[in-house]
Amino acid sequence: MNKKLALAWLVVFIAWFLGSFVVHGVLLHDDYKSLSNLFRPEAEAQKYFALMLLAHVLLSGAFTWIYARGVEPKPWLGQASATASLSRC
């Protein structure tokens, strides 16, 4: 893994995690409290915080890796199939 990809992964992770906190922890917090019968209590949800961090790390890594493959100058499967379908028209 090169440094550029690792740095992008870190930036995406931080942005995604902070964005999730703002949306779910600040903006929707009162709405989640009013629907407390549908969600775990906050104390119980804290047990799963490590898993949520792991999910954010994996998802941001996947997002970064897929984006990096899309901006490479060499063709990949998605570009090849799009080019092939356009040439048949």
Would you be able to say whether some residue in the range 58-70 is in a helix (DSSP H, G or I), over 19 Å from the mean Cα position of the chain (by Cα) and either modelled with pLDDT of 90 or more or of a type outside the set (A, V, I, L, M) (or both)? no
Of all the residues that make up the range 53-70, how many are open to solvent by 80 Å² or more (accessible area, probe 1.4 Å) and aliphatic (A, V, I, L, M)? 4
Enumerate the pairs (first residue in the range 61-77 and under 18 Å from Ala6 (Cβ atoms); second residue anywhere and at pLDDT 80 or above) with beta-carbon separation below 7 Å, excluding pairs fewer than 6 apart on the same chain, so at least 6 apart or on different chains. Gly61/Trp9; Phe63/Val12; Thr64/Leu5; Thr64/Ala8; Thr64/Trp9; Thr64/Val12; Ala68/Leu5
Is it the case that Phe49 is open to solvent by less than 90 Å² (accessible area, probe 1.4 Å) and touching a Leu at 6+ places or on another chain (Cβ under 9 Å)? no
Pairs where the first residue, in the range 1-28, is β-branched (Val, Ile, Thr) and the second is surrounded by fewer than 11 Cβ atoms within 10 Å (Cβ to Cβ) and assigned to a helix (DSSP H, G or I), C-beta under 9 Å, 6+ apart: none
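The values are calculated or read from the model by the stated rules, or taken from the named source; none is laboratory data. None of the values given here were measured: they were computed from a predicted structure. Ideal geometry is used to build each Cβ from the backbone, glycine not excepted, and the neighbour counts take in all protein chains shown. The accessibility values were calculated without ligands, DNA or RNA, using every heavy atom of the protein model including side chains. Shrake-Rupley method; radii C 1.70, N 1.55, O 1.52, S 1.80 Å.
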